[in-house]
Amino acid sequence: MTTKVKTRTMSEETHGSLKSKPIRGAEMIFESLEREKVEVIFGYPGGAALHIYDALYQTNMKHILARHEQGAIHMAEGYARVTGQPGVVIATSGPGATNLVTGLADAYMDSLPLVVLTGQVASGAIGTDAFQEADVLGITMPITKHNMQVRDLNDLPRMIKEAFYIATNGRKGPVLIDIPKDISGGEASYEYPEKVSLRGFKPTTVPNILQVRRMKEAVAQAKKPLILAGAGVLHAKGHQELVTYAEQAQVPVTHTLLGLGAMPAGHPQFLGMCGMHGTYTANMAIQEADLLISIGARFDDRVTGRLDQFAPHAKVIHIDVDPAEIGKNVPTEIPIVGDAKQTLSMLLEEDVVSAQSSEWMKQLNKWQETYPLWYEDDEATLKPQKVLETFSELTDGEAIVTTDVGQHQMWVAQYYQFKQPNRWVSSGGLGTMGFGFPSAIGAALSQPDHPVYAVVGDGGFQMNIQELATVKDYNIPVKTIVLNNGSLGMVRQWQEVFYEKRYSESMLNQNPDFAKVSESFGVKGLRVTTIKEFEEAITHSLNYDGPMVIDVAITPGENVFPMVSPGTALHEMVGISKGGM
Amino acid sequence: MRRVVSVIVNNSSGVLARLSGLFARRSFNIESLTVGTTEDPTLSRVTLVVHGDVATTEQVIKQLYKLVDVLKVTDLTEEKMMARELMLIKVTVNHQTRQEINHLIEPFRASVVDVGRESITVQTTGDIEKNEALIDLLRPFGIKELARTGVTAMARSQQKVHPVQQLLT
Ligand SMILES: Cc1ncc(C[n+]2csc(CCOP(=O)(O)OP(=O)(O)O)c2C)c(N)n1
């Protein structure tokens, strides 16, 4: 997408050790982004970012004008999730920057690499409550992996280089650079550093061989081993190694919500998702296991349920690139600090000795047969589970699917048969409504030829519905499936189960006609009420080259099961089988 | 239990905010935090006194290491270390107690740095225990004001030497 045809060929001028003639800070930004091979930027202009947007005018960098900064940063997250490359965002000072807060927190929780550039009021005005001033460094400190403010224009190129490095090395995460207006408007000679040298930042990615050998021995001894795979496997691109290792070591695999796709759906050793809405087999396997190997997962409370009763019989091996995760929630016998791919590769090189797990595998298979995921298909209404099963079949489990947060998210996690890694984009740690639709836009920009679907609730879609203008503007072929139940479904479910059906403020009585809303944005809109219509809509969407919204009237009042209630242990899950409620 | 943790950080703006923010966020309790530059002016040494067991302290250390500006963290508690705190105590006096206090503080090698009609100010440097013992002794006379700097600490020289530069290699 980037091309070298520029009004000024800065690269030529600035190469070599001779310092070039001065250029503006704003120009340095794009020059540096180009060196980092950035292909697309998401953003929204404003006063303190005007020098930057003016410099953008003379580059050929692809910029997507979102309709809200929150939309822009979720787009960048979707882009980062699918490609593993940093998503880049530009926003102005004050309100522009504060609108990024949710996305930063989301990316921080889910370890997504982002490089975020915010405009700031001029250096001299900082701290005076100037127009559109906010203490962006202070506000974003707890929700970024690192942040910095440019005080001297000569530091800007180095800071950009560092930002990309920090965002993508070790445990990934968002990095923010705050750029005062006089800095982006100032001039200095430009030199982009070749290397990064950060004294305090040297992540360990290669594990200690002795620990890896201890793991090998532990697996050889185990009778009921289990791998718990998290998104860390996907971030490290270690899915292939995971499958090979699990097969050779004869260890079954479950995954966290965000680990979806690390093990292909349908693999005989795959138990499905664990945790709050996980499968019976996966959760019981955790509770029964004698060896639990966590790879790139952080024992979130939605995974563990009641912590003091989690995996009571298991010796725990914890593999994580972030040492701070090891021992944070669950005591660990064998800690392994390393990247998932490196660690699994090292295990494979060590000649895998398999576990003594044949009895265990038989038991797990039996559980899977006896207690599969279930729902009541009453035929009279449109069951969301049925909708997603159908969607999965029609797209062959190959689409890139993003979701918002709520019931629909859990149904996708349960029923979409992901066959490949890096096709699943969802907000796990922060649980951000409004994430699904914009993140699909970012995903689609990174994979223009791949079908991309956003599955959203009628609640969450309305949180960033303005991005319909963006998909129309750039003709981004995102297909949005609205699972419309006329309520904030997940909230409604909790109120039904835990608050005696007191549905306080969870009914969406005044939903718009989503198909008509879409049409008014110039985006094709459909409404379906039967499974047949849904099938037709999906088939149509697969051949339709443009954005589309499919509003699906699902059974109102349908709930997500099985479920581990908060504060209970994984084996205390309810709704395991039909009639067993 | 009280633990003393020494942290070498880049001497750049915002680092202290980052550090203390991290403690607040993770609800780790800090008893004191001091900071000053080291023999290398680009680096600062932060000394933290925290309350917690070994596991909590381990978490504190791991979380600190996540900060890009943190170069080295050492738990000094179990090492041979020097830990000192400067303290100023303004004590109420009358002509009877003035003499008594002078005698009391002598073994602490504390000194009187200010004398007023109704109070004197005592300055002392020492480890936390010693300083607390002095406070206990002086309390019955009436402490008008108390200022403590918080502890600064480093490992003794017979231990592995930790000049800053060596920590970084
Ligand atoms: C920004 C934000 N606000 C509130 C919540 C709390 N919340 C979690 S799920 C949910 C309901 C979602 O409703 P909808 O988008 O219609 O999806 P459904 O559960 O019906 O599938 C709410 C309000 C949230 N996760 N994010």
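The values are calculated or read from the model by the stated rules, or taken from the named source; none is laboratory data. The shown structure was predicted, so the numbers you read here are calculated from the model rather than taken from an experiment. Methodologically, a virtual Cβ is constructed for each residue, glycine included, from the backbone with ideal geometry; neighbour enumeration extends over all protein chains shown. To get the accessible areas, we keep the full protein, side chains included, count just its heavy atoms, and leave off ligands, DNA and RNA. Shrake-Rupley method; radii C 1.70, N 1.55, O 1.52, S 1.80 Å.
Could you identify the single residue in B:LYS72, B:LYS90 that is open to solvent by 50 Å² or more (accessible area, probe 1.4 Å), in contact (Cβ under 8 Å) with a residue 12 or more places away in the chain and touching a helix residue (DSSP H, G or I) at 6+ places or on another chain (Cβ under 7 Å)?
Details: B:LYS90 fails: touching a helix residue (DSSP H, G or I) at 6+ places or on another chain (Cβ under 7 Å).
Being open to solvent by 50 Å² or more (accessible area, probe 1.4 Å), in contact (Cβ under 8 Å) with a residue 12 or more places away in the chain and touching a helix residue (DSSP H, G or I) at 6+ places or on another chain (Cβ under 7 Å) holds for just one of B:LYS72, B:LYS90, which is B:LYS72.
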Count - residues of region A:332-342 that are under 30 Å from A:PRO562 (Cβ atoms) and open to solvent by 20 Å² or more (accessible area, probe 1.4 Å): 2
Of the criteria (1) polar (S, T, N, Q); (2) at pLDDT below 95; (3) open to solvent by less than 40 Å² (accessible area, probe 1.4 Å), which one A:GLN149 fails: (2)
Output for region A:492-537, where each listed residue is open to solvent by 30 Å² or more (accessible area, probe 1.4 Å), out of contact with any helix residue (DSSP H, G or I) (no Cβ under 7 Å at 6 or more places or on another chain) and within 10 Å of the ligand (Cβ to nearest atom): A:TRP494, A:GLU505
Single unsatisfied condition, A:GLY275 versus (1) touching a Ser or Thr at 6+ places or on another chain (Cβ under 7 Å); (2) under 15 Å from A:SER345 (Cα atoms): (2)
Residue ID - least open to solvent (accessible area, probe 1.4 Å), chosen from residues in region B:20-36 that are within 14 Å of chain A (Cβ to nearest Cβ) and of a type in the set (A, V, I, L, M): B:LEU22
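Only one residue in A:VAL243, A:VAL233 is among the β-branched types (Val, Ile, Thr), surrounded by 22 or more Cβ atoms within 10 Å (Cβ to Cβ), in contact (Cβ under 8 Å) with a residue 12 or more places away in the chain and not in a strand (DSSP E or B), so which one is that? Break it down into steps so the answer makes sense when it comes.
Working: A:VAL243 fails: surrounded by 22 or more Cβ atoms within 10 Å (Cβ to Cβ).
The unique qualifying residue is A:VAL233.
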Members of region A:147-178 found to be within 17 Å of A:ALA80 (Cα to Cα) and either of a type outside the set (A, V, I, L, M) or within 10 Å of chain B (Cβ to nearest Cβ) (or both), listed by number: A:PHE164, A:TYR165, A:ILE166, A:THR168, A:ASN169, A:GLY170, A:ARG171, A:LYS172, A:GLY173, A:PRO174, A:VAL175
Residues being open to solvent by less than 10 Å² (accessible area, probe 1.4 Å) and within 13 Å of the ligand (Cβ to nearest atom) - total across region A:105-117: 1
Any hit, region A:89-96, residues being surrounded by fewer than 24 Cβ atoms within 10 Å (Cβ to Cβ), in a helix (DSSP H, G or I) and away from chain B (no Cβ under 14 Å): yes
Any pair with Cβ under 7 angstrom, 6 or more apart, that starts in region A:468-485 at a residue that is modelled with pLDDT of 95 or more and ends at one that is more than 16 Å from the ligand (Cβ to nearest atom) and of a type in the set (Lys, Arg): A:ALA469/A:ARG67; A:THR470/A:ARG67
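Conditions tested, residue by residue: (1) within 16 Å of the ligand (Cβ to nearest atom); (2) under 19 Å from the mean Cα position of the chain (by Cα).
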| site | (1), (2) |
| --- | --- |
| A:ASN60 | no, no |
| A:LEU65 | no, no |
| A:MET75 | no, yes |
| A:TYR79 | no, yes |
| A:VAL82 | no, yes |
| A:GLY87 | no, yes |
| A:THR92 | no, no |
| A:GLY96 | no, no |
| A:GLY103 | yes, yes |
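Evaluate the following for A:ARG67: is it within 14 Å of chain B (Cβ to nearest Cβ), part of a loop (DSSP other than H, G, I, E, B) and either charged (D, E, K, R) or buried (at least 21 other Cβ atoms within 10 Å of the Cβ) (or both)? First the steps, then the outcome.
Numbers: within 14 Å of chain B (Cβ to nearest Cβ): no; part of a loop (DSSP other than H, G, I, E, B): yes; either charged (D, E, K, R) or buried (at least 21 other Cβ atoms within 10 Å of the Cβ) (or both): yes.
In short, no.
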A:TRP411 more than 15 Å from the ligand (Cβ to nearest atom), surrounded by 20 or more Cβ atoms within 10 Å (Cβ to Cβ) and aromatic (Phe, Trp, Tyr): no
Subset of region A:382-391 [open to solvent by less than 10 Å² (accessible area, probe 1.4 Å) and under 21 Å from A:PRO562 (Cβ atoms)]: A:PRO384, A:GLN385, A:VAL387, A:LEU388
Qualifying residue in region A:422-433 (condition: more than 16 Å from the ligand (Cβ to nearest atom), within 19 Å of A:HIS235 (Cα to Cα) and modelled with pLDDT under 95): yes
Residues within region B:37-54 that are away from chain A (no Cβ under 13 Å) and without any contact (Cβ under 8 Å) to a residue 40 or more places away in the chain, tallied: 2
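Identify, please: which residue in region A:287-309 is open to solvent by 30 Å² or more (accessible area, probe 1.4 Å) and within 16 Å of A:GLU572 (Cβ to Cβ) and is, among those, farthest from the other protein chains (Cβ to nearest Cβ)? Please lay out each step first, then the result.
Of all residues in region A:287-309, those open to solvent by 30 Å² or more (accessible area, probe 1.4 Å) come to A:288, A:290, A:298, A:300-302, A:306-309.
When the remaining residues are screened for being within 16 Å of A:GLU572 (Cβ to Cβ), the result is A:288, A:301-302, A:306-309.
Numbers: A:GLU288: 27, A:ASP301: 15, A:ARG302: 19, A:ARG306: 20, A:LEU307: 14, A:ASP308: 15, A:GLN309: 19 Å.
My answer is A:GLU288.
Hey, among B:ALA17, B:ALA83, which residue is under 23 Å from A:PRO174 (Cβ atoms), surrounded by fewer than 20 Cβ atoms within 10 Å (Cβ to Cβ), at pLDDT 90 or above and within 19 Å of the chain's Cα centre (by Cα)?
Numbers: B:ALA83 fails: under 23 Å from A:PRO174 (Cβ atoms).
Answer to the check: B:ALA17.
Matching residues to (1) of a type in the set (Phe, Trp, Tyr); (2) open to solvent by less than 10 Å² (accessible area, probe 1.4 Å); (3) more than 16 Å from the ligand (Cβ to nearest atom):
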site: A:LEU344; (1), (2), (3): no, yes, yes
site: A:GLU349; (1), (2), (3): no, no, yes
site: A:VAL352; (1), (2), (3): no, no, yes
site: A:GLU359; (1), (2), (3): no, no, yes
site: A:GLU369; (1), (2), (3): no, no, yes
site: A:GLU376; (1), (2), (3): no, no, yes
site: A:ALA380; (1), (2), (3): no, no, yes
site: A:VAL401; (1), (2), (3): no, yes, no
Count of region A:457-491 residues which are within 7 Å of the ligand (Cβ to nearest atom) and over 17 Å from A:GLU519 (Cα atoms): 11
Lone qualifier among A:GLU500, A:GLU536, A:GLU558, A:GLU505 - being at pLDDT 95 or above, of a type outside the set (A, V, I, L, M, F, W, C) and not in a loop (DSSP other than H, G, I, E, B): A:GLU536
Cβ pairs under 6 Å, 6+ apart, first in region B:123-135 and at pLDDT below 95 and of a type in the set (Lys, Arg), second surrounded by 19 or more Cβ atoms within 10 Å (Cβ to Cβ) and in a helix (DSSP H, G or I): none
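Could you please find all residues in region A:310-331 being in contact (Cβ under 8 Å) with a residue 12 or more places away in the chain, open to solvent by less than 40 Å² (accessible area, probe 1.4 Å) and within 14 Å of another protein chain (Cβ to nearest Cβ)? Working first, answer last.
Within region A:310-331, the subset in contact (Cβ under 8 Å) with a residue 12 or more places away in the chain is A:310-323, A:325, A:328-331.
Still in the running and open to solvent by less than 40 Å² (accessible area, probe 1.4 Å): A:310-311, A:314, A:316-322, A:325, A:330.
Once the filter is applied, which keeps residues that are in contact (Cβ under 8 Å) with a residue 12 or more places away in the chain, open to solvent by less than 40 Å² (accessible area, probe 1.4 Å) and within 14 Å of another protein chain (Cβ to nearest Cβ), region A:310-331 yields A:HIS318, A:ASP320, A:VAL321, A:ASP322, A:GLU325, A:VAL330.
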Residues (of a type in the set (A, V, I, L, M) and either within 14 Å of another protein chain (Cβ to nearest Cβ) or not in a helix (DSSP H, G or I) (or both)) located in region A:201-224: A:VAL206, A:ALA222
Any chance A:VAL196 is within 14 Å of chain B (Cβ to nearest Cβ), touching a residue at least 12 places away in the same chain (Cβ under 8 Å), touching a Lys or Arg at 6+ places or on another chain (Cβ under 7 Å) and crowded, with 19+ Cβ neighbours inside 10 Å: no
Residue satisfying all of: in region B:55-87; part of a strand (DSSP E or B) and over 22 Å from A:GLY327 (Cβ atoms); farthest from the other protein chains (Cβ to nearest Cβ) among these: B:MET87
